[in-house]
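These notes concern the structure reproduced below.
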Amino acid sequence: MFHSYGSGCIIYCFVIIALANAATTYVGLTAHRKRNVITSPNYPQPYGDAYSLEWNILADSSIQNAIVHIKVLDSELSNIFNCYEDIIEIMDGPSSLYSVIRSFCGDSSPSGIVKTSGDSATVTFYTSKKDNDYKGFKLEYWAQSKGLYTLKQNTTTDVVFK
Ligand SMILES: [Ca+2]
């Protein structure tokens, strides 16, 4: 990359690389009752390096009291210093500013279904420049009514459904 811009571009190249590293690609998705799939780029081939992806998932507005469900079907990332290099995070809201419900890397991933508290979820995938020879991840997402849990707020009896 440096050579293709000539020897005078070192400062420019730094700027270009810095911007490339900072750039996040956003993907807006709707969660329906039917399950849909998110995978890392090129899954199950190695996912490449130095990018940041963010999937912003909103439940279909026709589903009452919707929450988003996420189930990780497969995940294999690098595992360096507690996910310092590459990491997947699931947030409880419509952007990555919301609180992290789960984060993982390496061979570990949530075994059950991850549920949001409201009608949106965000999944982020960050991969550093190094250590990318892994197949990445595949997960399902869908929306469902929160159902009987909401009764607790609407009734005077303190019944909790579990
Ligand atoms: Ca990496």
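So here's what we get for this one:
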read-out	value
Some residue of region 107-121 being part of a loop (DSSP other than H, G, I, E, B), in contact (Cβ under 8 Å) with a residue 60 or more places away in the chain and within 16 Å of the ligand (Cβ to nearest atom)	no
Members of region 128-153 found to be at pLDDT below 95 and within 16 Å of the ligand (Cβ to nearest atom), listed by number	Ser128, Lys129, Lys130, Asp131, Asn132, Asp133
Tally of residues being more than 13 Å from the ligand (Cβ to nearest atom), surrounded by 14 or more Cβ atoms within 10 Å (Cβ to Cβ), farther than 21 Å from Gly147 by Cβ and of a type outside the set (Phe, Trp, Tyr) across region 54-83	5
Test: residue in region 50-63 that is modelled with pLDDT under 95 and over 24 Å from Asp133 (Cα atoms)	no
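The values are calculated or read from the model by the stated rules, or taken from the named source; none is laboratory data. What you are looking at is a predicted structure, and each value in this text was computed from that prediction instead of being measured. Don't worry about glycine lacking a Cβ; one is built from the backbone with ideal geometry, like all the others, and counts go over all protein chains shown.
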